[in-house]
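Take a look at the structure set out below.
The values are calculated or read from the model by the stated rules, or taken from the named source; none is laboratory data. The structure presented is a predicted model; accordingly, all values stated were derived computationally and were not measured. Because the Cβ atoms are built from the backbone with ideal geometry, glycine has one as well, and the counts that use them run over all protein chains shown. Only protein heavy atoms, including side chains, enter the accessible area calculation; ligands, DNA and RNA are left aside. Shrake-Rupley method; radii C 1.70, N 1.55, O 1.52, S 1.80 Å.
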Amino acid sequence: MRLSPAQQHRARVLAALASASAEPGHEVQSGAYELMLAQLVEHRRRLKDIQSIERKIEAKRAFLPDYEPWIAAALAEGKGAQDKVLMTLLVWHIDCGSFERALQMADYAMKHQLELPDSYERNLATVLLDEFGGAALSRNMEAGQAGAWLAHVVAQTREHDAPHQA
């Protein structure tokens, strides 16, 4: 479902209000957040019906624009409230090869010490090291950018706990 320009503007305004009013260290609480969570639940349900990893990535890529107003508002207006939507979408951006956007989100998340939803079973530092490293090794990253992105991730996660393998 693609949003019209008016709907995109409304979504950005509601997301900005939700992000700006949320307290650091607490989960975002607003009607707009509840709508984003409901949409995420529906999208995750649709992903479970897909067996192919490539098709799952295609579906995530199709879903991501629906969340862009939320992401943009959180990054611009957020105060560091725990946000399951934002953290899930950070991983989806990595999965889809949207590394630049993922790093912008990761910078915000690391700055505010946000945690991934329990379903990921790893902390953010480990996910960043594993996923960016794996993408670089599998050549899913542009060669010119891979080194800069990996250096950024290593610098960003240096002081955080992660398994040695990561």
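The table that follows gives values for the structure above.
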quantity: Helices (runs of 4 or more DSSP H) fully within region 44-118 counting 2 or more residues that are farther than 20 Å from Gln156 by Cα and open to solvent by less than 50 Å² (accessible area, probe 1.4 Å); calculated: 53-77
quantity: Residues within region 122-143 that are over 19 Å from the mean Cα position of the chain (by Cα) and part of a loop (DSSP other than H, G, I, E, B), tallied; calculated: 3
quantity: Filtered residue count, region 90-137, keeping only those that are free of Cβ contacts under 8 Å to residues at least 12 places away in the same chain and of a type outside the set (Asp, Glu); calculated: 4
quantity: So Gln39, is it of a type in the set (S, T, N, Q), over 30 Å from Ala143 (Cα atoms), open to solvent by less than 60 Å² (accessible area, probe 1.4 Å) and in contact with a strand residue (DSSP E or B) (Cβ under 7 Å, 6 or more places away or on another chain); calculated: no
quantity: Filter pass, Ala146 being assigned to a helix (DSSP H, G or I), open to solvent by less than 50 Å² (accessible area, probe 1.4 Å) and at pLDDT below 85; calculated: yes
quantity: Single match in Leu90, Leu137, Leu129 (criterion: under 28 Å from Glu42 (Cβ atoms) and either among the aliphatic types (A, V, I, L, M) or at pLDDT 85 or above (or both)); calculated: Leu90
quantity: Boolean, His152 is more than 22 Å from Met36 (Cα to Cα) and either of a type outside the set (Phe, Trp, Tyr) or in contact with a strand residue (DSSP E or B) (Cβ under 7 Å, 6 or more places away or on another chain) (or both); calculated: yes
